[in-house]
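Shown next, in structure tokens, is the structure this report addresses.
The values are calculated or read from the model by the stated rules, or taken from the named source; none is laboratory data. A quick note: this is a predicted structure, and the numbers were derived from the prediction, not measured. Here the Cβ is made from the backbone with ideal geometry for all residues, glycine too, and neighbour counts use every protein chain on show.
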Amino acid sequence: MANENPEDLSGNQDGMPGMHGTFDAGGIHCEQCHGNGFESMEIDDSAEACGACHYRSYPPGSEVNNIPASGGFIKHHEQYNEHLAGPHASMKCVTCHNPHKRAEFSIVRECSVCHSSIEESFAKTSMYDYGVECKDCHMPFATKSAVPLGPHKGDLQTHIFYIDTDPAGNMFTEDGSLVALDDNGKGAVTMDFACQRCHETASLTELAKFAKNFHDPNLDEVGLNPGLTGTWWNADRAGEGFVLEFGLSNGVLTLFASFYTYDSEGNQAWLTVQPSAPGLATTGTTAAVDVFITDGPMWGDDFDTGDVDLKQWGTGTFTFSSCGAATVTLTPNQAMIDMGYTEQTFALTRDLLESGIQCPTFVNNAN
């Protein structure tokens, strides 16, 4: 019963100024879902029933699946709006949530129950080893209730689930007042929320190479990138191998490689590799290279750069099917064929040492 004297705060709700009097029964009670006096044992457990409270209509009278936004974040209290714009719109909220528990403790069905094949492929990735969970990427903190926790982190998780892997994608409408929806009424979180909030130093273009088709167990399009740097070899050809180094030169991706091997008479030989054109292609997984061989200098104090004789040995290609598997083809020119070299094609495996560069190259900056 409300206190009739507005100056008298002696009975206000929970000691909060301005809340004069007390509620008979605060909070959400059983009858909200079960009906007055439990008049029916048939409970409406549909998503629409949950949406009676967990939605926001904006502008007033608009469709419920409009998702209001402000300041680069989704507004709070609209889980149902997001649910309709995601892949699980046909499902009930109670399929995954126990309505009698707080959200963070309410999960009754994990993602892997329905997405077992995706879980199996994800378990083979380094992100799984780091403890990353489905919700970290597919339910990022793109919603803000009070204050954001970072440049791409609100204080509530979204239920949209879809991820837009286009580096130029925009999650919001042009005026920023709504989440952008496609012709089917579906939205998607962009990689600044799903990826960059942890991988802060990575560009969206680099992240896109790995986000697209991330759950494909035959991830072929890893893209040429510095993360392929390392020692590569074939176990059946122990005693020889490649040292590959990918890096940027004046902003252009390039490759330097050396191959320690042997000539046709069993003498040690070193071949060096560099791209056959300035810079490497920014798409695809094949690097076309020119191959050179050197001789002339003497060991130690007798070394003289002027004695170096750099000869073109031939050409080659490296094709990477993943961060740790590749194929190389080396084709000698006629002068080298006359010296006993022949064309060779064989598989390579990256020998990832503890100090090796990770592939993909972006690092997780989150604490």
Taking segment 162-190 only, how many residues are hydrophobic (A, V, I, L, M, F, W, C), in contact (Cβ under 8 Å) with a residue 40 or more places away in the chain and closer than 19 Å to residue 210 by Cβ?
-> 2
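This table checks each residue for (1) at pLDDT below 95; (2) of a type in the set (A, V, I, L, M, F, W, C); (3) within 12 Å of the chain's Cα centre (by Cα).
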residue	(1), (2), (3)
155	yes, no, no
168	yes, yes, no
177	yes, no, no
195	yes, yes, yes
216	yes, no, no
Go through 68, 59, 17 for me and flag whichever is at pLDDT below 70 and closer than 22 Å to residue 181 by Cα.
-> 59
Kindly check whether there is at least one residue in segment 221-228 that is touching a residue at least 12 places away in the same chain (Cβ under 8 Å), assigned to a strand (DSSP E or B) and in contact with a strand residue (DSSP E or B) (Cβ under 6 Å, 6 or more places away or on another chain).
-> no
Only one residue in 241, 227 is farther than 28 Å from residue 171 by Cβ and either surrounded by 15 or more Cβ atoms within 10 Å (Cβ to Cβ) or not assigned by TED's automatic domain parsing to the domain that holds residue 150 (or both), so which one is that?
-> 241
If we keep only residues of segment 78-127 that are under 18 Å from residue 52 (Cα atoms) and among the aliphatic types (A, V, I, L, M), then the residue surrounded by the fewest Cβ atoms within 10 Å (Cβ to Cβ) is 103
Of the residues in segment 245-303, how many are of a type in the set (Phe, Trp, Tyr) and in contact with a helix residue (DSSP H, G or I) (Cβ under 8 Å, 6 or more places away or on another chain)?
-> 1
What is the residue count in segment 229-240 for residues that are in contact with a strand residue (DSSP E or B) (Cβ under 6 Å, 6 or more places away or on another chain) and touching a residue at least 40 places away in the same chain (Cβ under 8 Å)?
-> 6
Going through segment 83-132 in order, the residues found to be over 21 Å from the mean Cα position of the chain (by Cα), within 30 Å of residue 57 (Cα to Cα) and in a helix (DSSP H, G or I) are 83, 84, 93, 94, 95, 103, 104, 105
Being at pLDDT 90 or above, in contact with a Ser or Thr (Cβ under 7 Å, 6 or more places away or on another chain), outside the structural domain of residue 128 (by TED's automatic domain parsing) and surrounded by fewer than 14 Cβ atoms within 10 Å (Cβ to Cβ) narrows it down to one of 266, 340, so name that one.
-> 340
Assess whether residue 82 counts as being touching a residue at least 12 places away in the same chain (Cβ under 8 Å), of a type in the set (Asp, Glu) and assigned by TED's automatic domain parsing to the domain that holds residue 150.
-> yes
Unmet requirement for residue 55, which otherwise passes all of (1) surrounded by 13 or more Cβ atoms within 10 Å (Cβ to Cβ); (2) outside any loop (DSSP other than H, G, I, E, B) = (2)
If you go through segment 63-78 one residue at a time, do you hit one that is without any contact (Cβ under 8 Å) to a residue 12 or more places away in the chain and either among the acidic types (Asp, Glu) or under 23 Å from residue 191 (Cβ atoms) (or both)?
-> yes
If you go through segment 133-163, how many residues are surrounded by 18 or more Cβ atoms within 10 Å (Cβ to Cβ) and part of a loop (DSSP other than H, G, I, E, B)?
-> 11
Verdict on residue 104 being among the acidic types (Asp, Glu) and under 17 Å from residue 163 (Cβ atoms) = no
Could you tell me whether segment 193-201 includes any residue that is under 18 Å from residue 68 (Cα atoms), assigned by TED's automatic domain parsing to the domain that holds residue 73 and buried (at least 16 other Cβ atoms within 10 Å of the Cβ)?
-> yes
